[in-house]
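Each value in this text was obtained by applying a stated rule to the coordinates, not by laboratory testing. This one's a predicted model, so the numbers in the text were calculated from it and none came from an experiment. Cβ coordinates were reconstructed from backbone atoms using ideal geometry, including for glycine residues, and neighbour counts include every protein chain displayed.
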Amino acid sequence: MFCYRLSREKFAAPLSGKGAALKGGRWNSPGTELIYSAENRSLPMAEVAVHFSISTLPDDFVMLTLEIPDELSLTGIMPETLPNGWNTFPPPLFCQKIGDQFVADCRFCLLKVPSAVTRGDFNILINPGHPEFSRIRILKTEKFPFDRRLFADDLV
């Protein structure tokens, strides 16, 4: 399987989860290392774009293509199994606890979770502490300029 990750260039490699551990995210608390990726290229772009305006958007993003062997251990969460409000901002603590527990249990390398930004799409979370993690590799790193039309305030 291939997954995609959008990252600032200086933090793109090696994959570590340390960036997510600094401030936490929807699926992890600060201090918990987790790598966020997605099933398609558009989702990481949407997940990043909701946090910036065109004036604050860094210009050094790269898109990583990750090669993940199909046999790696994977579990998932469907949106209908989550309590109301799971997709609100800021992320609720119960979502962070789900990811924290996933990392702590270390039973699976991958956790498929619904996107809070793009309904129907899924992120693939990667536990860098899992023994299978070493089998994941970065296939390609490409410059990723954002299309300015995504930021409507520039068009007015």
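Overview of results
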| quantity | calculated |
| --- | --- |
| Residue-by-residue Karplus 3J(HN,Hα) for the stretch 70-84, coefficients 6.51, -1.76, 1.60, Hz, glycine and proline x | 4, 8, 5, 5, 9, 10, x, 10, 9, x, 5, 8, 8, x, 4 |
| Lysines with Cα under 16 Å of Lys97, excluding same-chain neighbours fewer than 8 positions away | Lys23, Lys112 |
| Full-extension gain in nm, His51 to Phe11, via 0.36 nm per residue minus C-alpha separation | 12.6 nm |
| The stretch 86-133: C-alpha gyration tensor shape, a/c 1.5 cut-off, then a/b vs b/c | oblate |
| Charge dipole magnitude, Cβ of K and R +1, D and E -1 - the chain, Cα centre, debye nearest 20 | 180 |
| 222 nm mean residue ellipticity, helices alone, for the chain (DSSP H n ≥ 4; -39,500 (n - 2.57); rounded to 500) | -5000 deg cm²/dmol |
| Global geometry of the stretch 32-83, whether rounded, prolate or oblate, following the gyration tensor of its Cα atoms and the 1.5 cut on a/c | oblate |
| Long-range amide H partners of Gly76 with built H, under 5 Å | Lys112 |
| Residue among Gly76, Gly19, Gly120 with the largest mean-square fluctuation in a Gaussian network model of the chain, springs linking Cα atoms under 10 Å | Gly120 |
| Partner lysines for Lys140 [C-alpha distance under 19 Å; skip if fewer than 8 residues away on the same chain] | Lys10 |
| Candidates Val50, Val62, Val103, ranked by Gaussian network fluctuation over the chain, Cα under 10 Å, top entry | Val50 |
| Fluctuation leader among Thr118, Thr32, Thr81 - the chain, Gaussian network, Cα springs under 10 angstrom | Thr81 |
